[in-house]
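The block underneath contains the structure these notes are about, expressed in structure tokens.
The values are calculated or read from the model by the stated rules, or taken from the named source; none is laboratory data. Keep in mind that this is a model prediction, so the values were computed, not measured. Neighbour counts run over all protein chains shown; Cβ positions are idealised from the backbone, glycine included. The accessibility values were calculated without ligands, DNA or RNA, using every heavy atom of the protein model including side chains. Shrake-Rupley method; radii C 1.70, N 1.55, O 1.52, S 1.80 Å.
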Amino acid sequence: MDARGFKDFVYGEFARIGKALSSPKRIELLDLLTQGSKSVELLATETKMSIANTSKHLQALLDAKLVVFAKEKNYIIYQLASNEVRHLFLALRSTTEDRTDEINDVRADFISKNHQLNVLQQNDFSKKTKEDSITLIDVRPRDEYIVDHLPGATSIPISELEKRIEQLPKDKDVVVYCRGPYCVYATEAVQLLQSKGYKASLLEAGVNEWREMK
């Protein structure tokens, strides 16, 4: 192999990974898998795709060695191939935020309802946890909470929040988080809590962001 052949091979391999990331649905699948292992059926439900289309996208990620799978009884369970893949997703997201103003505007409009909801940044959150002045709830599905969660968080999946809302004390601020800055569960939870008279904020971070700070 000469120098040109070497460079063509190397950049071809880089491009293979880039091609695997060229689909919005495949990027969403990677995002979901940063929260933990999931079955094809669950990924299909979360992404609003058919099982056939979900499997097709997962195969592309598998071919690029970004995910791996295992069989558990009648289910096929996928997970990220390594922690480097999680870093790749977070780097892609961070670069997009840095280079595309529109995504930040859309996020502010949709997640914080054009700044109408109180958004708590990570640094402010750290201070409040030390003061023991908040109640922290994780509104992701319980299986994701079991894989990993923020210290001190109580698991109340968004599907259970309304019937369990009276368990939350009203003498503390309620801070809600889900899968990160683009997850809508926290927004829905804060809106519900505010409608019931709670002082609530959404944490613009999740487990991935917390890991990065450690």
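What the table below lists for this structure:
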| read-out | value |
| --- | --- |
| Computed over the stretch 92-201, Kirkwood Rh from alpha-carbon pairs, angstrom | 14.7 Å |
| Extent along principal axes [Cα atoms of the stretch 1-110; Å; largest to smallest] | 48, 42, 23 |
| Heavy-atom SASA rank of E41, E209, E72 (probe 1.4 Å, accessible area, largest first) | E72, E41, E209 |
| Dipole magnitude (debye, nearest 20) for the stretch 1-86, charges at Cβ of Lys, Arg, Asp, Glu | 120 debye |
| Carbon/sulfur fraction of accessible area - the chain, other protein chains in place, 1.4 Å, % | 52 percent |
| Area of D148 that stays accessible when all protein chains are in place (1.4 Å probe, Å², to 10) | 40 Å² |
| DSSP bridge orientation in the chain - percent antiparallel, rounded to nearest 5 | 40 percent |
| Residue among N114, N74, N83 with the largest mean-square fluctuation in a Gaussian network model of the chain, springs linking Cα atoms under 10 Å | N74 |
| Among V175, L161, G206 - extreme Cα towards positive end, dipole of the stretch 132-214, charges at beta-carbon | L161 |
| Size of charge dipole - the chain - debye, nearest 20, with Cβ of Lys, Arg +1 and Asp, Glu -1, no other charges | 400 debye |
| 1.4 Å probe accessible area per residue over the stretch 1-113, in Å² | 62 Å² |
| Where GluC sites (Glu not before Pro) fall in DSSP loop in the stretch 159-188, at most 16 other Cβ within 10 Å | E160 |
| Volume per residue of the C-alpha convex hull in the chain, rounded to whole Å³ | 152 Å³ |
| Rough spin-label spacing in nm, given labels placed 7 Å along Cα→Cβ, for Q116 and D101 | 2.5 nm |
| Whole-angstrom Cα spans of the stretch 45-120 along principal axes, big to small | 46, 25, 22 |
